[in-house]
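To keep things clear, I will list the structure first and then write my remarks on it.
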Amino acid sequence: MYLGYPICSSKLQQHNFVNEFITNLKQFCHLHLHRNITFWGRVTVLNHSLYFELWHVMSLFTFTKAQLSTIQQIGGSVVNHGSKVTRFSFATLTLPRAKGGLSRLNPTPL
């Protein structure tokens, strides 16, 4: 790590970094799952904490589509955790609030 960016010189280092990064995301999400916050509150936590760190790393490190899909699933599970009636799809989560969504940021590059 250099200034918060991963510098990997081999596939093994990349694999280890991604595994550690996803484990840290899961731990971060687990801490916030037990708080009594609204759907919008969970989305705000994701946007300002989790995805901020993700984009910081993504400026120099490239994730595979499968890894980004795993990160999306982690984020979706945080928002939908404990909901018995309403479960939001990824498309609904990323829509703007004016269009009925929750304005969750999309971690995958366009």
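The values are calculated or read from the model by the stated rules, or taken from the named source; none is laboratory data. Keep in mind that what you see is a predicted model, and the values were worked out from it rather than measured. Counting neighbours? That spans all protein chains shown, and the Cβs are built from the backbone with ideal geometry, glycine included.
Here are the numbers:
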item	result
Single residue of the range 25-57 satisfying the filter (within 11 Å of the chain's Cα centre (by Cα) and either exposed (fewer than 13 other Cβ atoms within 10 Å of the Cβ) or of a type in the set (Lys, Arg) (or both)) that is farthest from residue 80 (Cα to Cα)	55
Residue satisfying condition, being part of a loop (DSSP other than H, G, I, E, B) and either at pLDDT 75 or above or of a type in the set (Gly, Ala, Ser) (or both), within set 68, 60	60
Hits in the range 1-52 (condition: assigned to a helix (DSSP H, G or I) and of a type in the set (D, E, K, R))	11, 20, 26, 42
Residues satisfying the stated conditions in the range 1-24, i.e. in contact with a Pro (Cβ under 9 Å, 6 or more places away or on another chain) and exposed (fewer than 13 other Cβ atoms within 10 Å of the Cβ)	13
